[in-house]
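Below: one structure, written as structure tokens.
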Number of protein chains: 2
Amino acid sequence: MSLDDSAPVATRGPVRVVGTGLLGASVGLGLSTRGVDVVLWDPSRTALALARDVGAGRLPAPDDAPVTLVVVAAPPDVTADVVLAELAAHPTAVVTDLASIKGHVLDSLRAAGADLTRYVGSHPMAGREKTGPAAALPDLFVGRPWVITDSGESSRDALLAVRDLAADLGAVPRSMDPRAHDDAVAVVSHVPQVAASLVAMRLRDAPHAALDLSGQGLRDVTRVAASDPTLWTSILAANAEAVAAVLVAMRADLDLLIDALDQAAQPGAGPETVPGALGVLARTLAGGNAGVARIPGKHGGTPSVYAVVTVLVPDAPGELARLLTDVGAAGVNLEDLQLEHSSGRPVGMAAISVLPGRAEHLQTELTARGWRLAS
Amino acid sequence: MSLDDSAPVATRGPVRVVGTGLLGASVGLGLSTRGVDVVLWDPSRTALALARDVGAGRLPAPDDAPVTLVVVAAPPDVTADVVLAELAAHPTAVVTDLASIKGHVLDSLRAAGADLTRYVGSHPMAGREKTGPAAALPDLFVGRPWVITDSGESSRDALLAVRDLAADLGAVPRSMDPRAHDDAVAVVSHVPQVAASLVAMRLRDAPHAALDLSGQGLRDVTRVAASDPTLWTSILAANAEAVAAVLVAMRADLDLLIDALDQAAQPGAGPETVPGALGVLARTLAGGNAGVARIPGKHGGTPSVYAVVTVLVPDAPGELARLLTDVGAAGVNLEDLQLEHSSGRPVGMAAISVLPGRAEHLQTELTARGWRLAS
């Protein structure tokens, strides 16, 4: 899906983007692609030059018209300060920020006596593993939720301007109360990050032979443990109260689990002697089942919208290309593709997601073309 | 990679497989494919029939020659009992089990006075998300580690028989002490499972609007929270001591983290006032970085052996197939392929892994063929 270049754009320039990392530069790129005049700023001359070079916008000029909208894409720990400065420097502009925590920024602004009628918080739920302006994409936000938080004092015009921004970038605007937003990201983003880091910390002292037994489960759980410590220290500190609350609840579950394991570890313990302990283990795991089933979307547990046809792909040149060509020749749209690594080699099995009504037809067609299907 | 059908097989039949789920049926399939006579047993008539139907082996017959090797692929909580029974029923056979915990099984066998000279523990580090005999694959173990644990009393012939089994299935035999093995899987497999379940448990009571903000990080961390509670209750109970030890250490890190967050949450707290707290946060995240970097392999953090070329794939039929055909036409081997979902649609960017020395050539060739590369 890409930006709908033919649809009308509501955002009027010039739009000022402050902070030209991945998010800021992508906002700039998205707007510039749609013909909106974007002026860029970043304290790093390199980041600024790179953003301009990838087409995210231009440098400010002395005779620029007053900016109508300022998008602050700064690290969370300096966001409030930058918003404050921008509100003052551009007295007719709406200012929004993209920080992943909303309440903390708002509290700081309120304490500083800022003009909250022109401030609207944003949090676009978009990103990539890569960072920096060179990784910016004009369609980074397409189809993604863009949370808009109203302090209660934002003017109607300001709220509409930010909603237009989100819509012009192809995102899906979603209104949330700032505190509800912060509680939400605590549980769906910040605590998972903490958990990944805690599990990964245990690997530091593990013997080399232990790490040789690493499997897909460990890799999945610890993938985000590679996150940038400086950025995440600011995020966690800015959402400390909400994150601590979730971690306290998690620690209570962990305490029960450790007690149950201690009982199960007793000499002579068996299913007959520690039924209570086994119950705690089972309820933890079943609780996890129930929780993960609530995550929307195909990898989340709620019934996938797609059917998966798994095909064995011989490890020879051109085989995967041939398979995809045959999928196309069968007239079936490939919705997603995942290569399964169970045999230790990257090309082994291809899991092809298709609309459920097309799965049987695809299986028939591929089998007829000599492909071997796995279940 | 598939089983090397032309290489000689050391394992002599008949080999008896007890328990025809994914692992047992895959052992049967792998051996049968190599021409070894495999007899199957499972307490479930359906699982047994299915395993036979997929080609994993045959049912026992009254005039069978004495089995030389028994492979017990039963749930961990009954494995010791089954091994004991099989040792008694087949007095000249070597018996191995595939349970993911070795010490507990060994302790039970020792306590029951079993003949440990004919027993060798195995743990093939292989699997799939799917389970059951219908999901069995002959090359499930190819290239995967196969841990062999010596009680100290296993005979040389028994150890060689199990090593031959692993090698005949294409696996990589690895010797480990049983306790060292259990400590290892506690940290690289069992604790990650627990962490995933604990994080997922917090989702049960989360508001629907919070779950709508779910991203890739949450999905990665909680993916294994969909695991089977009954199986994992037995695994955790069987490895309770080792798992509890790791969780106790993790809880200590969690306690420090919660204290630091509580400090950071104080009104008026900022980078100047809570330097100690921020240090704890940063050290947790950096510790996670260090840990995950120790995981071997391309998703683990240690420098990947492959270079990645990322290509924008227009969302139109046949485009991905065309891309892969062009990769082949450029004479470059595709080592791995991942579709990136940052734009909310499954087909958007294709991350192609190639040998580092081929990356630049591939970029040149693809660009010449009209493809747009992302950084």
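The values are calculated or read from the model by the stated rules, or taken from the named source; none is laboratory data. Predicted, not measured: the structure shown is a model, and the values here were computed from it. When we count neighbours, we look across all protein chains shown, and the Cβ atoms used for this are built from the backbone with ideal geometry, even at glycine. Remember, those area values only see protein heavy atoms, side chains included, never the ligands or the DNA or RNA. Shrake-Rupley method; radii C 1.70, N 1.55, O 1.52, S 1.80 Å.
All conditions but one from (1) open to solvent by 10 Å² or more (accessible area, probe 1.4 Å); (2) of a type outside the set (Phe, Trp, Tyr); (3) closer than 17 Å to A:ALA249 by Cα apply to B:VAL199; the one that does not is (1).
Every residue, every condition in (1) open to solvent by less than 50 Å² (accessible area, probe 1.4 Å); (2) modelled with pLDDT under 95, yes or no:
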{"position": "A:PRO76", "(1), (2)": "yes, yes"}
{"position": "A:ASP81", "(1), (2)": "no, no"}
{"position": "A:THR92", "(1), (2)": "no, no"}
{"position": "A:TYR119", "(1), (2)": "yes, no"}
{"position": "A:HIS123", "(1), (2)": "yes, no"}
{"position": "A:ALA126", "(1), (2)": "yes, yes"}
{"position": "A:PRO133", "(1), (2)": "yes, yes"}
{"position": "A:LEU160", "(1), (2)": "no, no"}
{"position": "A:ASP168", "(1), (2)": "yes, no"}
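Summed over region A:202-227, the residues that are facing another protein chain (nearest Cβ under 7 Å), assigned to a helix (DSSP H, G or I) and surrounded by fewer than 24 Cβ atoms within 10 Å (Cβ to Cβ) give a count of 8. A:PRO14 passes every criterion in (1) under 23 Å from A:VAL185 (Cβ atoms); (2) touching a residue at least 40 places away in the same chain (Cβ under 8 Å); (3) in contact with a strand residue (DSSP E or B) (Cβ under 8 Å, 6 or more places away or on another chain) apart from (1). List the helices (runs of 4 or more DSSP H) inside region A:255-373, counting only whole elements, that have at least 1 residues being at pLDDT below 90, at the interface with chain B (Cβ under 10 Å from one of its Cβ atoms) and more than 30 Å from B:ALA240 (Cβ to Cβ). Passing ranges, in order: A:319-329. Restricting attention to region A:228-240, report how many residues are over 18 Å from B:GLY276 (Cβ atoms) and either part of a helix (DSSP H, G or I) or open to solvent by 30 Å² or more (accessible area, probe 1.4 Å) (or both). Count: 3. Considering region A:61-77, and only residues there that are out of contact with any Gly (no Cβ under 9 Å at 6 or more places or on another chain) and of a type outside the set (D, E, K, R), the residue that is nearest to A:ARG110 (Cα to Cα) turns out to be A:PRO76. Applying a threshold of 7 Å to beta carbon distances and a minimum spacing of six or more residues, or different chains, the list of pairs starting in region B:107-126 at a residue that is free of Cβ contacts under 8 Å to residues at least 60 places away in the same chain and ending at one that is open to solvent by 50 Å² or more (accessible area, probe 1.4 Å) reads B:LEU109/B:LEU84; B:ALA112/B:LEU84; B:ALA114/B:LEU84; B:LEU116/B:ARG110; B:LEU116/B:GLU153; B:THR117/B:GLU153; B:VAL120/B:ASP150; B:MET125/B:ARG144.
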